[in-house]
1. Specify the residue with the greatest mean-square fluctuation among A:151, A:226, A:251, computed from a Gaussian network of chain A linking alpha-carbon atoms under 10 Å apart.
2. Please tell me the relative contact order of chain A in percent, rounded to the nearest whole number, where contacts are Cα pairs under 8 Å and at least six residues apart.
3. Give or take rounding to whole Å, what are the principal axis extents of the alpha carbon atoms in the range A:44-236, in descending order?
4. I'd like the orientation of helix A:2-36 relative to chain A: the angle between its Cα long axis and the longest Cα principal axis, in ° from 0 to 90, rounded to 10.
5. What angle do you read, to the nearest 10 degrees and between 0 and 90, between the alpha-carbon axis of helix A:87-98 and the longest principal axis of chain A?
6. Averaged over peptide B:50-62, how many Cβ atoms belonging to another chain are found within 10 Å of each residue's Cβ?
7. Once a ≥ b ≥ c are taken as the square roots of the eigenvalues of the Cα gyration tensor of the range A:153-267, is the result rounded (a/c under 1.5), prolate (a/b larger than b/c) or oblate (a/b not larger than b/c)?
8. Looking at chain A as a GNM with Cα springs under 10 Å, which of A:41, A:155, A:118 has the largest mean-square fluctuation?
């Protein structure tokens with residue numbers, strides 16, 4: 001009996017040691033996987049929006065104005081003005097132009113990749129997180145999982161994303177995105193059947209992305225958009241602030257600032 | 001008129017609902033060919049998304065009647081990057097605001113820069 005107990009104790013120790021070793025191995029493997037991944041630290045803003053004034057005008061607008069030239073720079077390429085819309089897409093665009101007094105709920109995907117907000121890209125072996133300052137986060141799973149079955153998916157503002165690394169290029173597939181225009185009035189009216197392909201990489205001090213969007217419902221052909229971000233000075237952390245004071249209204253001819261609804265005591 | 005081409009461009013963009021600037025809406029609502037300066041007393045500084053606003057009590061530009069003005073700024077994160085903080089302005093502060101006025105004549109506009117009563121300029125870099 002004494003021998004049996006001793007054998008049992010030894011077995012438990014062995015199992016414990018094996019378990020600890022397995023955990024240590026997994027930790028070691030993850031550390032090594034982490035070390036191989038790119039690192040894109042900083043708070044990134046779209047290239048044309050770096051240096052935006054306190055009033056909201058990008059430097060290129062002011063420079064063009066000083067030169068007496070028209071403003072030709074596309075500040076939000078993803079707004080869909082230049083997309084190759086098919087008949088249904090054109091119908092949606094025309095309907096969108098008629099609505100002047102809609103409120104936005106935030107940026108949403110894909111606009112958050114080209115919006116007036118810094119983004120942060122957190123890279124881990126299991127997933128990449130892309131975060132902006134409006135409580136909007138994309139989860140891009142890079143752990144090798146396939147896209148979930150369609151029965152497990154439903155349209156959301158951010159959609160569902162999987163990704164993988166091709167060298168230092170992050171390749172992202174995203175589907176099941178709600179019509180972005182329903183969330184943000186400045187976003188393209190793509191359908192929930194749209195498929196978003198992205199390739200992101202660091203090019204020196206510039207973060208770049210090629211986005212190709214296919215949508216059998218609204219686009220006549222794949223729509224390609226290139227985006228570049230630079231690190232803007234002055235950001236030391238990502239502060240999440242609710243989109244809760246949208247005072248942009250319409251007077252019929254133009255947008256305008258609506259009277260404030262916030263009182264001095266905050267109610 | 002100082003910026004006729006930019007104005008024409010802004011008007012053209014306004015008709016299509018385009019957003020030439022960084023904000024979440026068209027900037028065509030502001031007459032960017034005209035700068036106006038108003039001096040008054042801060043009623044409230046709204047440090048909010050998608051825009052920050054200064055509510056200020058000041059006389060109308062064409063009269064002596066004191067009214068409440070609404071001045072629009074960019075989003076807090078952009079202001080933060082320019083050195084602004086939620087307490088940069090507080091109720092009771094005396095300031096002069098240079099701005100592009102609303103086209104519809106309402107008391108408000110887009111901030112160009114701000115000078116405090118002691119002469120400090122709260123502009124690009126506060």
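1. A:151
2. Details: 451 pairs, mean separation 51.5, N = 267.
Reported as a whole number, the value is 19 percent.
3. Rounded to whole Å, the extents work out to 54, 41, 28 Å.
4. Long axis of A:2-36 versus the principal axis of chain A: about 30 degrees.
5. That helix lies at roughly 60 degrees to the long axis.
6. Details: counts 18, 8, 4, 5, 0, 4, 0, 0, 0, 0, 0, 0, 0.
Partner-chain Cβ atoms within 10 Å, mean over residues of B:50-62: 3.
7. Numbers: a/c = 2.19, a/b = 1.42, b/c = 1.54.
Here the range A:153-267 falls in the oblate category.
8. A:41
Every number here is computed from the coordinates shown, using simple stated rules; none is lab data. Given the structure is predicted, the values throughout are model-derived calculations rather than measurements. Ideal geometry is used to build each Cβ from the backbone, glycine not excepted, and the neighbour counts take in all protein chains shown.
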